[in-house]
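Every number here is computed from the coordinates shown, using simple stated rules; none is lab data. Bear in mind that the values here come from a model prediction, so they are computed numbers and not experimental data. Cβ sites come from the backbone with ideal geometry, for glycine too, and all protein chains shown count toward neighbours.
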Amino acid sequence: MLLRKRVHADLTQVTRLLASAGLPPDGLEHTEGWVLEADGALQGHVALELTPDAAVIRSLVVAEGQRGQGLGVRLVEAAEDGAGARLLVLRTESIGPWMERRGYRRATLQEAPASVLATTQFSGGLCSGTPVYLLGAGQAIKAAVRKRYAGFVERGGACCAPAKEPCGCSADPSLAVGYSREEIQAVPQGANLGLGCGNPLALASLKAGEVVLDLGSGAGFDAFLASPRVGELGRVIGVDMTPAMIARARDLARRHGYANVEFREGDIEALPVEDDSVDVVISNCVINLTTDKLQTFREARRVLKPGGRLMVSDLVLLSPLPAHLQGDRDAYAACVAGALLKEDYLAAIREAGFREVEVLGESPYELGAEAQVASLKIRALKPGGAASGGR
């Protein structure tokens, strides 16, 4: 079934679809929309009424004979992608619980931006008294990231993961960012998705018995490499917010006997890890995807023991992004729009309370002509303890 932008010629069919579901067509001329089409007939529709700071999702309908097949999800995702960095607003009596499962929260009209009151959906008596649901721009970005990275699990890796000749490279991209063939071959098949931009373990100097935390652990590549280095007395914890990644990593750990490795589903801006419980925090090309870098670094500092080490490989900007990329959620999920300028990234680590922040390596990273990006390898210490001289 084809998903495409709505055109003027679709409005007659869209109006009939809306009428079949008891939904008014008022104000469609002020919206942009998407339709699902099969054999020349429209089977679904959704519209967005945009304001400078909000995007009102409206006129979501699926033909009666097509319901229960996931078409509503495809339409909502199209609308969410079209919203950019705006707050998403929905007024509905029928699908509120379903939207809550997608991350929306029930709210009062007073919590929505004032600009939505001028939209057709919120002006006059149309849908008056109907509950309002909101999804913040940050949550929408995280949803886009989850969707993109779940796709990597389904496809078996990034575009240029091993043997993906149509993408223009046949070599494992992990070789290009600092891993050895021995390291790549040491982990279970399916753990290396080719998503890193460096090798944080090369910086970490892990010791037997240490507790290692991997922020954004994905399918477990770095966690599995860390496992033998910390040994039976050590422990490795991976945290990732994408359920498909966690499921893959847990399955690999179970099938390959990694008894000292565990994976926890969670947001690295609010780590499901105890205070002062970790010796080393590592992360590989993930913090640029968070919506609050400073909070992420504060969480890393919280869970580290005094004197604990932060070892990060990540992407940073060497110059500001063009305006049209700054609010693009696809560009965010692709590690571009969410990246900070190099100076701001290092400043956030220091502001979070780390000391001895040091760039151990910097190399250009190709992400297209519009973005000047570098991969940094960074080490920093949490004050206190022998590792930082008691500071």
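Things to note:
- The range 196-265 and the range 57-73 have their alpha-carbon centroids 40 Å apart.
- By the count of neighbouring beta-carbon atoms within 10 Å, fewest first, E299, E269, E100 end up ordered E100, E269, E299.
- Net charge, L175 excluded, C-beta distance under 13 Å - Lys, Arg +1, Asp, Glu -1: -2
- Spherically averaged projected area of the range 2-135 from its Cα convex hull (nm²): 7.6 nm²
- FRET efficiency, 1/(1 + (r/R0)^6) with R0 30 Å, evaluated for A85 and A9 via beta carbons: 0.45
- Residues K207, K305, sorted so that the one with the fewest Cβ neighbours within 10 Å comes first: K207, K305
- Under-5 Å amide H pairs with R264, H placed in peptide plane, nonlocal only: G238, V239, D240
- Here the residues M245, M99, ranked from fewest to most Cβ neighbours within 10 Å of their Cβ, fall in the order M99, M245.
- Computed over neighbours whose Cβ is under 15 Å from that of R229, the net charge equals -4, Lys and Arg +1, Asp and Glu -1.
- Packing-based ranking, highest mean first, of 313-319, 218-224, 341-347 given that Cβ atoms within 10 Å are counted: 218-224, 313-319, 341-347
- Computing FRET efficiency as 1/(1 + (r/R0)^6) for K147 and E111, where r is the C-beta to C-beta distance and R0 is 35 Å, gives about 0.85.
- Cross-link reach is defined here as a Cα-Cα straight distance under 14 Å, omitting same-chain residues fewer than 8 places apart; for K382 the aspartates and glutamates meeting it are D275, D276, D279, E299, E351, E356, E358.
- Net charge, L50 excluded, C-beta distance under 10 Å - Lys, Arg +1, Asp, Glu -1: -2
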